[in-house]
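Structure first, commentary second.
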Amino acid sequence: MTKQILKAHKVRLYPNEEQQVFFAKSFGCTRFIWNKMLNDKIEHYKKTKTELKNTPAQYKKEFEWLKDVDSLALANVQQNLRTAYSKFFKQGTGFPKFKKKGQRDSYTTNNQKGTVAVTNNTVKLPKVGHIKARLPSKVNGLIKSATISRTPSGKYYVSLLVETIVNELPKTHSNIGIDLGLTDFIVLSDGSKVANPTFLAKLQHKLAREQKILAKRRAVAKADQRKLSDSRNYQKQKIKVAKVYEKITNIRKDFLHKLSFNLIKNHDVIAIEDLNVKGMVKNRKLSKAISDSSWSTFTTMLNYKAEWYGKTLVKIDRWYPSSKTCSGCGHLLTKAELPLQVRSWNCPSCQQKHDRDINASINILNEGLRLATIKTVGATGLA
Ligand SMILES: [Zn+2]
């Protein structure tokens, strides 16, 4: 079976000076219109207790320079602001925040009958034309939108959202349970463990080192009563830190992409715990393992890849006692009997010896298969 999906292609851009100026202007205008519209909404609400329905168009008379940038970029700001508002009211996420310069410099535009297009070595964008680009693979299908961004170290990227056809992957008749490891990244119900990439740890040490140097340079500039923006050494080091950070992010993403794809390819039902990562990050012991291993990014990837490739991802309730249950006989330990530091244990009921994480992943698989069956039977029942 084939499916039509939206896939993002991230492409490195090499804009010339003129194009860089255009991008800087676009980032500035979209940030300005976001902050302006948000501020006016807040002020209007304070006075009237009603929501102000403002649009970017109404600001173009007063701020003529808004006309210099792609109007779709401004329209998308309005759209994003609306989404942020409804998320706040419906899902209780944080109230929309004001944007600061240099933080996530980006804007989004849409393809209107070929206004966004690619050649072998360029990407064409509205109002700015062809930009030199490094296209990693062929971008096939209809381009829907393009998000242009600049990283803190000064690299430019465009993320192209493309309508693509994917083929479902063949069924393997193999199922797997996944537990979030403490020392390993994940532990699987087949007894295997996947470690965090070791070079990631090395880069993290490097990051810590460079951040220390940055802090020193900040202190020196302060002692000399110089502005940070005037301190060349500080600015140079700031870019160095940003580069290491971006490298870590890229390597981690690449690792998670490959791992999630292989799990989806090799198994039909994939069972994971639906962890409350926010709550767990507050727990200091676990915080490093979890934030480093990017559990939520990983589960997001598993989620959409399962959908693309015709596999089933089952999330187990976070209160399910996957660690404390003996996967052999079902005996349940008390919390006191299995503190976090105990990595292996013997079942007092059936005497089976368990690796804490492997046992948990087997329980996750069994519970996942039980839930998947209920779902399938329920679905056929309805048909
Ligand atoms: Zn047992």
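Rule-based calculations on the coordinates, nothing more; no lab input. Computed from a predicted model, the values in this text were never measured in an experiment. With ideal geometry, Cβ positions are generated from the backbone for all residues, glycine too; neighbour counts draw on all protein chains shown.
Which of Gln4, Ala133, Asn39 sits farthest toward the positive end of the charge dipole of the chain, with +1 on the Cβ of Lys and Arg and -1 on the Cβ of Asp and Glu? Value: Asn39. Report summary: the helix-based calculation at 222 nm, which adds -39500 (n - 2.57) for every DSSP H run with n ≥ 4 and divides by the residues of the chain, gives -15500 deg cm²/dmol. A Gaussian network model of the chain, with springs between Cα atoms under 10 Å, assigns the largest mean-square fluctuation among Arg104, Arg232, Arg31 to Arg232.
Each label point was placed 7 Å from the Cα along the Cα-to-Cβ direction; for Leu338 and Asn167 their separation is 4.2 nm. The DSSP beta bridges internal to the stretch 175-382 are antiparallel in roughly 50% of cases. Over the chain, what is the percentage of antiparallel beta bridges among all DSSP beta bridges, to the nearest 5? If I count the DSSP bridges inside the chain, around 85 percent turn out antiparallel. Ignoring aspartates and glutamates fewer than eight residues from Lys206 along the same chain, the ones with Cα atoms less than 14 angstrom from its Cα are Glu246. Among all helices in the chain defined by DSSP H, which have a length of 30 Å or more along the axis from Cα atoms plus a Kyte-Doolittle mean of at least 1.0? The answer is none, since no helix passes both cut-offs.
What is the magnitude of the charge dipole of the chain about its Cα centre, with +1 placed on the Cβ of each Lys and Arg, -1 on the Cβ of each Asp and Glu, and no other charges, expressed in debye to the nearest 20? Let's see the in-between values first.
Details: 70 positive and 30 negative charges, 373 e Å.
Roughly 1800 debye, rounded to the nearest 20.
Pairwise Cα distances in the chain exceed 34 Å in 46 percent of cases. Using a cut-off of 31 Å between Cα atoms, the listed pairs Lys46/Lys101; Lys171/Lys193; Lys113/Lys258; Lys10/Lys311; Lys138/Lys311; Lys240/Lys265 include Lys113/Lys258; Lys240/Lys265 as exceeding that distance. Here the Gaussian network model covers the chain, with springs between Cα atoms less than 10 Å apart; of Asn76, Asn359, Asn233, Asn233 fluctuates the most. By the count of neighbouring beta-carbon atoms within 10 Å, fewest first, His44, His267, His354 end up ordered His44, His354, His267. Only one residue of Tyr309, Leu338, Gln235 has its Cα farthest out toward the positive end of the dipole of the stretch 175-382, where Lys and Arg carry +1 and Asp and Glu -1 on Cβ, and that residue is Gln235. Compute the distance from the alpha-carbon center of the stretch 84-99 to that of the stretch 128-151, in whole Å. Here the answer is 29 Å between Cα centres. Sorted fewest first by neighbouring Cβ atoms within 10 angstrom, Glu51, Glu307 come out as Glu51, Glu307.
Which one, Leu207, Leu313, Leu228, has the greatest fluctuation when you compute a Gaussian network model over the chain with C-alpha springs under 10 angstrom? Maximum among the listed residues: Leu228.
What is the order of Trp34, Trp308, fewest Cβ neighbours within 10 Å to most? Display every interim value, and only then the final one.
Details: Trp34 21, Trp308 18.
In order of increasing Cβ crowding within 10 Å: Trp308, Trp34.
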